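The values are calculated or read from the model by the stated rules, or taken from the named source; none is laboratory data. Model, not experiment: these values are computed from the prediction. Cβ sites come from the backbone with ideal geometry, for glycine too, and all protein chains shown count toward neighbours.
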Amino acid sequence: MRLILLMLASGLCVGSACAEEPVDHWAWKKPVRPTVPKSKLDSPIDAFVTRQLAASGLRFAKPASKQQLIRRVTFDLTGLPPTPEEITEFEKDDSANAYEMVIDRLLASPHHGERWGRHWLDLARYADTNGYEHDEIRPHAWRYRDYVIRSFNEDKPYDRFILEQLAGDEAFPGDPNAKIATGFNLLGPDMTDSADQAQRRQNTLNDMTDTAGLVFLGMTMACARCHDHKFEPIPQTDYYRMQAFFAGAEFRTNIEVATPTERQKYEVAKREYDRLTQSIRDAIAAIDGPARKKLFEAKLAKLPAEAQVAHRTPPEKRDGGMIELVDQSAKKVAVTDAEIEKALKADELNELKKLRQKLKAFDAKKPGAMPVAMGMTDRSATPPKTYLLERGEITNKADVVEPGFPTTLRPDRKAIAATVAALPQSSGRRLALANWIASPENPLTARVIVNRLWQQHFGRGLVPTASDFGVRGERPTHPELLDWLAVEFAESGWSLKRMHKTMLLSETYRQSTIASKDSLVKDPENKLYSRMNRIRIEGEVVRDSLLFISGRLNAKMGGSGVFPPIPPEAAKGSKGGWPVSADSLDRVRRSVYTFQRRNLRHPFLEVFDQPDSNLSCPKRERSTTAPQALSLLNSDEVVEASTALAERLAKEPDKIDRAYRLILGRAPSERERGRAEAFLKDSPLAELCRALMNTNEFVYLD
């Protein structure tokens, strides 16, 4: 009782106390475009920021140099350094729109999608494996990663991006990309060998409910899974009403995602192959059919009763749960050719081998496999019931709940009923949820995403708790600016690239990182943006930069994950290991294409704070540790890059100048040149390159 009183006294809500939280919390209100303060500056962003600076007796820091600015914005938009030629061209261009032209060029680069796709993959808890003990590979998960990169490069409207990920199969049933997008919901860890498959499905439903709330709405709903939220006005009924939108979904690992052209080509080839081989295949079936059936039945008998029922049910009559059970246990009941051969008599086996050899002659005519992806579909227009689970336990079912949006956002109940309409072979529930989230009327969606963009560009969000806009999250430092950005974003077609440009053109972004004495006293944490934040680049950007400046980066895009070399001892004890890619060119591709194993992260990326992919990550940590310094000094990535760069510089007339320009984006000072010349009298050029790669200037953006 004393603990409860202390919590209430400190402002924390307990149990139903959350229901008393004022409904006028800033985040629950629809953003309204505020009046832009009068200002001599062109950007509304600058008008809002300078007004608060002036109120504190502060002003902007001096503008960043052109050299600093192009390095900053190039890393920001592409995750790669600018070339010396790009820096020189920008420095010499005195036209009024020179900087804007740089932004346009970078936004049009295919590297933009790779850079910003990585940010989204952090949110989506992307990985190429299931996690847990066995950490099995998800062979088609990479299609979701490529979908995200394409979407950012195409500047897909964010409202459409939401629709595709939550309900692409319902909203755009003829679009393969929209089906791939639904893999977002299934990217969390999955214990495939669970003895309780019903609990396994519930775990997945919980994960997708939690993640949808965090990523799209900035709401921490997970605490309401077992009881009314202790800190937010989210009752437990709201949690399961939200989950009910997903209740009828099938969780698939093999959704066909062929384009119409690919499908037509496949069907033509298959008809021809079937025509040529029908008699041979019939003869083979006559011999191995009885043995195959007997072996299958023996294996099936070892499975749990519910799995046996699923396998015996005709495919067209299986519900979502049955389909999942069949997918999960397919390997356990699969009958191999070797097993069949052992079960046959000698004469049958001889005849079977002859027929198989005869069939093999037609392999060249066999159509390739159709492309598939992990994702979701609805099996029928009548989803199963959703129950409120007491204490979150699947065995403690309480009242039946219907789909519904969080009551704290005061949605229109009639509107909910109207939007949840049955579609062909679908309940329409997820589409209703997606339409509500992607609506300009939703008070959270636009605010949350523009804040995420701001956070990546400025190092700190206007709302520092990027995935928590609730009562316990931090309040916005510039609430009117946040609302202006949110309204501008939604009313301008939900274009992410347009919003990037709006932020990057501001004087707020173009400031120097050098703080004045007043700024350090009155704005020590830079909450008012009285200067630009100095930001350390992420591990992926460090590695990609090493490859880029050494001339080794393979710019190939897309496809299944690759395996760059890692120290052998790092892979010890990991199930599945780390099979280094056979093609040396695959080993030097961008880090976003590196295979993402949940139980074994790439050591170089991990030491630079690569996040845990088991959870949605709204903001990466930026630690400073000894292993980071040791990795920059001794890792194979740095040693190989410095050696390759020295070879690249061998033909340069001014090796020192070129090394500085490639690694640090600037020319050396006279003092630095003198030291470098003295150093090179006794040391190889590769060591000078490695020394420059170990400077703060290499891993921090001014």
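Selection of first residues in the range 471-488 that are surrounded by fewer than 19 Cβ atoms within 10 Å (Cβ to Cβ) and of second residues that are at pLDDT 95 or above, restricted to Cβ pairs under 6 Å at least 6 apart or on distinct chains, gives the following pairs, ordered by first then second residue: GLU474/PRO464; GLU474/THR465. Scan the range 253-260 and tell me whether some residue there is under 30 Å from ASP24 (Cβ atoms) and touching a strand residue (DSSP E or B) at 6+ places or on another chain (Cβ under 8 Å). No, the range 253-260 contains no residue that is under 30 Å from ASP24 (Cβ atoms) and touching a strand residue (DSSP E or B) at 6+ places or on another chain (Cβ under 8 Å). Checking each residue in the range 46-56 for being closer than 13 Å to THR477 by Cβ and hydrophobic (A, V, I, L, M, F, W, C) picks out PHE48, VAL49, LEU53, ALA55.
The residues on offer are ALA141, ALA98, ALA108, and the sole one that is hydrophobic (A, V, I, L, M, F, W, C), farther than 23 Å from CYS617 by Cβ and touching a helix residue (DSSP H, G or I) at 6+ places or on another chain (Cβ under 8 Å) is ALA98. Restricted to the range 592-702, the set of helices (runs of 4 or more DSSP H) holding at least 3 residues that are in contact (Cβ under 8 Å) with a residue 40 or more places away in the chain and surrounded by 17 or more Cβ atoms within 10 Å (Cβ to Cβ) comprises 603-607, 636-649, 655-664, 685-693. Of the residues that sit in the range 256-310 and are out of contact with any Pro (no Cβ under 9 Å at 6 or more places or on another chain) and β-branched (Val, Ile, Thr), which one is surrounded by the fewest Cβ atoms within 10 Å (Cβ to Cβ)? Among residues in the range 256-310 that are out of contact with any Pro (no Cβ under 9 Å at 6 or more places or on another chain) and β-branched (Val, Ile, Thr), the one surrounded by the fewest Cβ atoms within 10 Å (Cβ to Cβ) is THR261. Listed by first and then second residue, the pairs with beta-carbon distance under 8 Å, at least 6 apart or on different chains, first residue in the range 339-358 and without any contact (Cβ under 8 Å) to a residue 24 or more places away in the chain, second loosely packed, with under 15 Cβ neighbours inside 10 Å and in a helix (DSSP H, G or I), are LEU349/GLU341. Only one of the listed residues (LEU349, LEU355) is over 29 Å from the mean Cα position of the chain (by Cα), part of a helix (DSSP H, G or I) and at pLDDT 90 or above. That residue is LEU355.
The helices (runs of 4 or more DSSP H) found entirely in the range 53-115 that carry 2 or more residues being within 30 Å of SER591 (Cα to Cα) and of a type in the set (Asp, Glu) are 84-92, 98-108. Looking at this structure, is LYS30 more than 33 Å from the chain's Cα centre (by Cα), in a loop (DSSP other than H, G, I, E, B), of a type in the set (D, E, K, R) and modelled with pLDDT of 50 or more? No; evaluated as a whole, the condition is false for this residue. In the range 520-554, of all residues being under 16 Å from ALA644 (Cβ atoms) and hydrophobic (A, V, I, L, M, F, W, C), the one that is surrounded by the fewest Cβ atoms within 10 Å (Cβ to Cβ) corresponds to LEU553. When the range 315-366 is filtered for residues that are acidic (Asp, Glu) and touching a Ser or Thr at 6+ places or on another chain (Cβ under 7 Å), only ASP327 remains. If the condition is being over 28 Å from LEU632 (Cβ atoms) and acidic (Asp, Glu), then the range 515-536 contributes ASP518, ASP523. Taken over the range 395-439, the criterion of being farther than 24 Å from GLU170 by Cα, part of a loop (DSSP other than H, G, I, E, B) and either within 29 Å of the chain's Cα centre (by Cα) or modelled with pLDDT of 90 or more (or both) is satisfied by ASN396 alone. Scoring PHE172 on the criteria (1) surrounded by 20 or more Cβ atoms within 10 Å (Cβ to Cβ); (2) hydrophobic (A, V, I, L, M, F, W, C); (3) more than 19 Å from LEU615 (Cα to Cα); (4) without any contact (Cβ under 8 Å) to a residue 24 or more places away in the chain leaves a single failure, condition (1).
Of the residues that make up the range 512-519, is at least one surrounded by fewer than 16 Cβ atoms within 10 Å (Cβ to Cβ) and either free of Cβ contacts under 8 Å to residues at least 24 places away in the same chain or under 29 Å from the mean Cα position of the chain (by Cα) (or both)?
Checked the range 512-519: at least one residue is surrounded by fewer than 16 Cβ atoms within 10 Å (Cβ to Cβ) and either free of Cβ contacts under 8 Å to residues at least 24 places away in the same chain or under 29 Å from the mean Cα position of the chain (by Cα) (or both).
Counting only helices (runs of 4 or more DSSP H) that sit wholly inside the range 440-542, those with at least 3 residues that are closer than 23 Å to ALA55 by Cβ are 445-458, 479-491, 517-522. If you go through the range 234-278 and keep only what is among the charged types (D, E, K, R) and assigned to a helix (DSSP H, G or I), you end up with ASP238, ARG241, GLU262, ARG263, LYS265, GLU267, LYS270, ARG271, GLU272, ASP274, ARG275. Hey, does the range 437-446 have a residue that's within 30 Å of MET532 (Cβ to Cβ) and crowded, with 24+ Cβ neighbours inside 10 Å? Yes, because at least one residue in the range 437-446 is within 30 Å of MET532 (Cβ to Cβ) and crowded, with 24+ Cβ neighbours inside 10 Å.
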